[in-house]
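A.B. asks: Structure in structure tokens, see below.
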Amino acid sequence: MREEQGIGKGEFALMVGISRPYLNRIENGTANVTVKMLVRVAAGLDVSVIDLMK
């Protein structure tokens, strides 16, 4: 979704207040993500958490 919106990794990491390596782990599915972090990522993409999980 981030790529579809034309947002770079570094830019998005800054937007949601996380490190770029952590964002890489989230996108690769190797990070244990909290609900709070899912909400932050979804808000950064302007989508619902449910849409993010699809």
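A.B. asks: Which percent of the accessible area of the chain is formed by carbon and sulfur heavy atoms (probe 1.4 angstrom)?
C.D. replies: After summing per-atom areas, the C and S share lands at 54 percent.
A.B. asks: Provide the per residue accessible area, probe 1.4 Å, for the chain, rounded to a whole number of square angstrom.
C.D. replies: Result: 69 Å² of accessible area for each residue.
A.B. asks: Let me see the pair-distance distribution of the chain: every alpha carbon pair, 10 Å bin width, integer percents in order.
C.D. replies: 25, 66, 9
A.B. asks: Also, quick follow-up: What is the sum of charges, Lys and Arg at +1 and Asp and Glu at -1, for the other residues whose Cβ falls under 14 Å from the Cβ of residue 16?
C.D. replies: +3
A.B. asks: I would also like to ask the following. At what distance in nm do the modelled label points of residue 47 and residue 19 sit from each other, each positioned 7 Å from its Cα along Cα→Cβ?
C.D. replies: Output for this residue pair reads 2.6 nm.
A.B. asks: For residue 28, what is the net charge nearby, where nearby means another residue's Cβ is under 15 Å from its Cβ and Lys, Arg count +1, Asp, Glu -1?
C.D. replies: Net charge in that neighbourhood comes out at +2.
The values are calculated or read from the model by the stated rules, or taken from the named source; none is laboratory data. These numbers come from a predicted model, not from an experiment. All Cβ positions, even for glycine, are placed from backbone atoms using ideal geometry, and neighbour counts span all protein chains on display. Heads up: the accessible areas ignore ligands, DNA and RNA and are worked out on the full protein's heavy atoms, side chains in. Shrake-Rupley method; radii C 1.70, N 1.55, O 1.52, S 1.80 Å.
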